[in-house]
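The values are calculated or read from the model by the stated rules, or taken from the named source; none is laboratory data. The structure presented is a predicted model; accordingly, all values stated were derived computationally and were not measured. Ligands, DNA and RNA are stripped out before the accessible areas are found, and what is left, the full protein with its side chains, is counted by its heavy atoms. Shrake-Rupley method; radii C 1.70, N 1.55, O 1.52, S 1.80 Å.
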Amino acid sequence: MIFVLALLLSDPITLTREATTYRWPSAKVQYYLGDTPGNWREIHGECRRAFAEWRRRTGMKFVEVRQPGLDNSIDVHFTDDPLFPLVGGQLARAYYPPPGWWEPLAGDIYIRPDIQPMGEYRDIYSVMLHEIGHALGLPHMADSVMAPTYTPHRILWLSDVAAWKGLYVP
C-alpha cells in the first residue's frame, strides 16, 4: 500500500518508489462546500464557478451534496487543515483522490478562511481552480493553473486539460 503525505503546496511525497495514478473511479464526483467566514453566498458562488469551469473544459460531472465526509466526495473546508496546518504563505491544500489518501480525506480541500472572493492579491476562484486540479489528481505543472505558486486565472489552460485527459480518458 502506498502512503502519501500532502506537504507544502500540496505536493505529495510518496514513501515508496512505485508510480501511482491518483484519480477518481468515475468522471462523476460529489462535492460539499463547508461553512465559510464572511459572505458565504459569494464565496460558495466562486467555488461553484471553479467546479463549472472544470466541467466545461473536461466534461467531468460534479454534483453538489449537503453532507460532508461521504466517500468519493471532495469536501471543501474554509479552515486550517487539522492534520498538516497551512504554514507561511500557503493559501490552501488539496489531497489527491484515492489511492493517494484514505477516505474520508481523499480529494478534500482546505482553504485559509481569510481569502476573499475577489481580492487585489488573491481570489478564491483562482485558488479553487488550482486546488480542484489537485483533488482530481493533477500535480504541479509550470505554465498552467497547476503552477506551484499563486497566479490569478480565469480559465483552465490547455496543459491543465491535457493532464486531466491523461488521467481520465483511456
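Give the shape of the range 53-108 as rounded, prolate or oblate, defined through the alpha-carbon gyration tensor: a ≥ b ≥ c are the square roots of its eigenvalues, a/c under 1.5 means rounded, and otherwise the shape is prolate if a/b is larger than b/c and oblate if not.
Numbers: a/c = 1.81, a/b = 1.43, b/c = 1.27.
The shape class here is prolate.
The HN-Hα couplings worked out from phi for the range 58-74 by the Karplus form 6.51 cos²θ - 1.76 cosθ + 1.60 (θ = phi - 60°) are 10, x, 5, 9, 10, 10, 6, 10, 9, 10, x, x, 6, 5, 6, 9, 9 Hz, whole numbers, x standing for Gly and Pro. In this structure the amide hydrogen of I74, modeled in the peptide plane, comes within under 5 Å of the amide hydrogens of Q30, Y31, Y32, none closer than 5 places in sequence on its chain. Phi-derived couplings, Karplus 6.51 cos²θ - 1.76 cosθ + 1.60 at θ = phi - 60°, listed residue by residue for the range 29-43: 10, 7, 9, 10, 9, x, 4, 10, x, x, 7, 5, 5, 5, 5 Hz, with x used for Gly and Pro. Note on the range 27-170: Cα-only Rg and Dmax are 13.8, 42 Å.
Accessible area per residue was computed with a 1.4 Å probe on protein heavy atoms; H140 scores about 40 Å². Under 5 Å between amide hydrogens, built in the peptide plane, is the criterion, and for V145 it picks out W157, D160 among residues at least 5 positions away or on other chains. One chain, two ends: V87 and I155. Fully extended at 0.36 nm per residue, the span grows by 21.8 nm beyond their Cα-Cα distance.
By how many nm would the segment from K61 to A147 grow when fully extended, if each residue of separation counts as 0.36 nm and the alpha-carbon distance is taken off? Display every interim value, and only then the final one.
Values: separation 86, 0.36 × 86 = 30.96 nm, distance 2.38 nm.
Full extension of this stretch gives 28.6 nm more.
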